[in-house]
Amino acid sequence: MDRMILVTGGSGSGKSAWAENRVIENGQGPYVYLATMRPQGEDAEERIRRHREMRVGKGFVTLERYTDLDELTLPAELRGGTVLLEDLSNLLANEMFGSSAQERCDVGRSDVEHCDMENCADNVLTELYALRQQCTEKVMDGLRALRQQCAVLVIVTNEIFHDGVQYDPVTTAYMQTLAEINLKAACMADEVTEVVCGLPLFMKGRKTV
């Protein structure tokens, strides 16, 4: 069995809890929780604490991987099971705004502090486009590599595109990149589910236990 399941939803939608239960229902162990959120700041640490509490007693082995998913090799004893990747939005943020991303493409928020999308300098937009392309390819390569190491890959991602707010060019580039990765991941996936108020809306495929 080789399945890929994409789970999306807004903040507080219940998507993480649903994805965890989906892993348990699948029944293909071992269960690996691949955490991508860096423990930086009180908000991040609180979210990590809540997620750890949610996983208690469910049999997950937790691995932390903040960047370079394409270079990850699972330990031999954890291959062939079910991997829950939580989540794409954090992974992408780490890739785009971490030190390695800055080395690949020197873009920083200070470059566009007083720049809106219409008047942003061409060189900044060119760098942002290059960064978007590089990060999209790197994340997608990581998903493909991870999928080859497990029987079932469950991926959680965020729906952040409906607030109607115009952001600065860097934030907009991040959101556009996440949208592109979500689309590509949905095409790869056997099952795509949007979670709203804790309830699944099956967009592609159907839930099989």
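Rule-based calculations on the coordinates, nothing more; no lab input. Keep in mind it's a predicted model, so treat the numbers as computed, not measured. Reconstructed Cβ throughout: ideal geometry from the backbone, glycine too, with neighbour counts over all protein chains shown.
What to note about this one:
- For residue 204, the residues whose modelled amide H falls within less than 5 Å of its own, excluding neighbours fewer than 5 places apart on the same chain, are 192.
- Across segment 45-54, coupling constants 3J(HN,Hα) worked out from phi with the 6.51/-1.76/1.60 Karplus curve, θ = phi - 60°, read 5, 5, 5, 4, 4, 4, 5, 5, 4, 5 Hz, and Gly and Pro carry x.
- In a DSSP loop and with at most 14 other Cβ atoms within 10 Å, the trypsin sites (Lys or Arg not before Pro) in segment 142-209 are 206, 207.
- Scaling the Cα radius of gyration of segment 1-63 by the globular reference 2.2 N^0.38 Å produces a ratio of 1.18.
- Cα-Cα separations in segment 3-204 greater than 27 Å, expressed as whole percent: 30
- Estimated vicinal HN-Hα couplings, Hz - segment 175-182 in sequence order (Karplus 6.51, -1.76, 1.60; Gly, Pro = x): 5, 5, 5, 4, 4, 5, 5, 4
- Along segment 189-194 the Karplus relation, 6.51 cos²θ - 1.76 cosθ + 1.60 evaluated at θ = phi - 60°, assigns HN-Hα couplings of 6, 7, 9, 10, 10, 9 Hz to successive residues, with x for each Gly and Pro.
- Full extension of the chain segment joining residue 134 with residue 171 gains 11.7 nm, where the gain is 0.36 nm per residue of separation less the Cα-Cα distance.
- Antiparallel content of DSSP bridges confined to segment 3-204, in %, to 5: 15
- Which listed pairs, of 138/204; 58/184; 138/184; 15/138, have C-alpha distances above 21 Å, in listed order: 138/204; 58/184; 15/138
- Restricting segment 159-200 to chymotrypsin sites (Phe, Trp or Tyr not before Pro) that sit in a DSSP loop and have at most 16 other Cβ atoms within 10 Å of their own Cβ leaves 161, 167.
- Judged by the ratio a/c of the largest to the smallest principal axis of the C-alpha gyration tensor, segment 126-209 counts as oblate, that ratio being 1.5 or greater while a/b is no larger than b/c.
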